[in-house]
Each structure stands twice: as structure tokens, then as C-alpha cells.
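S.K.: Below you'll find the structure I mean.
Rule-based calculations on the coordinates, nothing more; no lab input. Note that this is a predicted model, so its numbers are computed, not measured. Every residue, glycine as well, gets a Cβ built from its backbone with ideal geometry; the counts of neighbours run over all protein chains shown.
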Amino acid sequence: MMTASLIILIILGLLAALVVIVIALIVIYNKLVRLRNTSEQSWSDVDVQLQRRYDLIPNLVEIVKGYAAHEKSTFEAVTKARQQAIQISGDIAAQAQAENMLTKTLRQLFAVAEAYPELKANENFLDLQKQLAEIEEKIQLARRYYNAVARDMNNAVDMFPSNIVAHLFHFEHREYFELEEPEAKKAPKIKF
């Protein structure tokens, strides 16, 4: 027969183990919440930079239009790609695809601009190019930060023991924001 003190020690040991497990679950849950919130905030940072880019594009198109009015199809393609990119919300893979298309059409726009020496000397055009290059750099930095946070979130969702808590509370993987084409991964080269 067990003595009363042995039973009390076993009960205390079980209670201590239970307290440790509950504390571990709370810590893991809080880590997952922090990662989810950080990933949402970092995606918001990417979105802000993309919006800055979208806002700059119409000005760029208007300046080039003044010099190359016969390039209507290029202007329409840029405008359409910009509009499609703006309309996407919440779907990171679709956003990446729209950004690929927008980058391609911007390259076409700059190719048109290459043919007009007086446009290349236009102060407004040069300023817009500089702004676009800066925004592209900020987009790249924001995208890298978002992808790092998404990686951390995905690791936490997959790794033991946090995967148990993630499954219990429905934490999900984050998609990476990646560009599909190797040349699209680079900021557009603007040289005049």
C-alpha cells in the first residue's frame, strides 16, 4: 500500500507536469499569433510599396504618351496590367502573377522611351524614373522581409511541438511572394 505522502508527491508531480505543459502551450500559441500578425503586417508593407508604384505609373505613361502618341497598344497594356494588379487582394500567388505582367509592360514602356532622345532628357520623366527605381528597391526589400516572416510562420506550423498547437487553433501556412521569371526578379534597369 502506498503511503499518503507518496500519493501527494505523485499528485504534485502530475500537477507540475500539467502546469509545464499549459505554459508551453501558451508560449507556443503566442509565438504563432505573433508570427501571423507579423506576416500580415509585412504583407501590408509590400502592399503599400506596390500602391506607390501603381500611383506613379499613370504619370509615367502620360509623359511618354506626349512623345510617342502612336504607341497606343503599349500604353493600353501598361494601364491594363496596372489595373489588374490593383484589383487583386488577398491572393499572394495571383498578386505575384499580376506583378510579373506589370513588370513586363513597364519594360515595354521603357523600350518605347528609348526611341525618343528628347523624352530621355525630360526632367519630369527622369524624376519619375528615379522614383520608380527607388520604389522597386523598396518593393524588393519588403518582399524579402515578408518571405522571411512567411518562412518562420511555415516552420512554426510544421515543426514539433508547435505543429500540434497550430493544428488545434487552425494556424495556416503563408504563401511566398515570388516572381516567376528570373528577369522579372530584377528591378527594371533604367538607363538614359
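S.K.: List, in the order given, every pair from K72/K104; K31/K130; K104/K138 whose Cα-Cα distance in the structure shown is over 28 Å.
M.R.: Numbers: K72/K104 16 Å; K31/K130 40 Å; K104/K138 19 Å.
Those over the limit are K31/K130.
S.K.: Let me check against my output: what whole-number percent is the relative contact order of region 1-123, with C-alpha pairs under 8 Å and at least 6 apart?
M.R.: Working: 44 pairs, mean separation 26.0, N = 123.
About 21 percent, as a whole number.
S.K.: OK, next. On a 0 to 90 degree scale, rounded to 10, what angle separates helix 123-158 from the longest Cα axis of the chain?
M.R.: The angle comes out at about 20 degrees.
S.K.: Calculated from DSSP H runs of 4 or more alone, at -39500 (n - 2.57) each and per residue, what is the 222 nm mean residue ellipticity of the chain, nearest 500?
M.R.: Values: 6 runs with 150 residues, N = 192.
Helices in the chain give a 222 nm mean residue ellipticity of -27500 deg cm²/dmol.
S.K.: Output the 0 to 90 degree angle, nearest 10, between the alpha-carbon long axis of helix 72-87 and the longest principal axis computed from the alpha carbons of the chain.
M.R.: With both axes taken from Cα atoms, the answer is about 20 degrees.
S.K.: Treating the angle as unsigned and between 0 and 90°, give the value, to the nearest 10°, between the Cα long axis of helix 92-114 and the longest Cα principal axis of the chain.
M.R.: The angle comes out near 20 degrees.
S.K.: Which of these, L106, L15, L50, has the largest mean-square fluctuation under a Gaussian network model of the chain (Cα springs below 10 Å)?
M.R.: L15
S.K.: Sticking with this one: Mind giving me the FRET efficiency for L15 and E134? R0 is 41 Å, r the Cβ-Cβ distance, nearest 0.05 is fine. Intermediate results must be reported in sequence, preceding the final value.
M.R.: On the way: r = 59 Å, r/R0 = 1.44.
Between L15 and E134 the formula returns 0.10.
S.K.: Oh, and also: So if I take the centroid of the Cα atoms in region 77-153 and the same for region 1-50, what is the distance between those two points in Å?
M.R.: Cα centroid to Cα centroid, the span is 42 Å.
S.K.: Continuing with this model, one more query. With label points built 7 Å along Cα→Cβ from the Cα atoms of A69 and I88, find their separation and express it in nm.
M.R.: 3.5
S.K.: Which residues make up the longest stretch of the chain that has no trypsin sites (Lys or Arg not before Pro) in a DSSP loop with at most 11 other Cβ atoms within 10 Å?
M.R.: Counting only loop sites that pass the neighbour cut-off, the longest clear stretch is 1-188.
S.K.: For region 12-185, divide the Cα radius of gyration by the Kirkwood radius and give the resulting Rg/Rh value with two decimals. Before the final figure, lay out each step's value.
M.R.: Numbers: Rg = 22.5 Å, Rh = 18.7 Å.
When Rh is taken as the Kirkwood radius, the ratio is 1.20.
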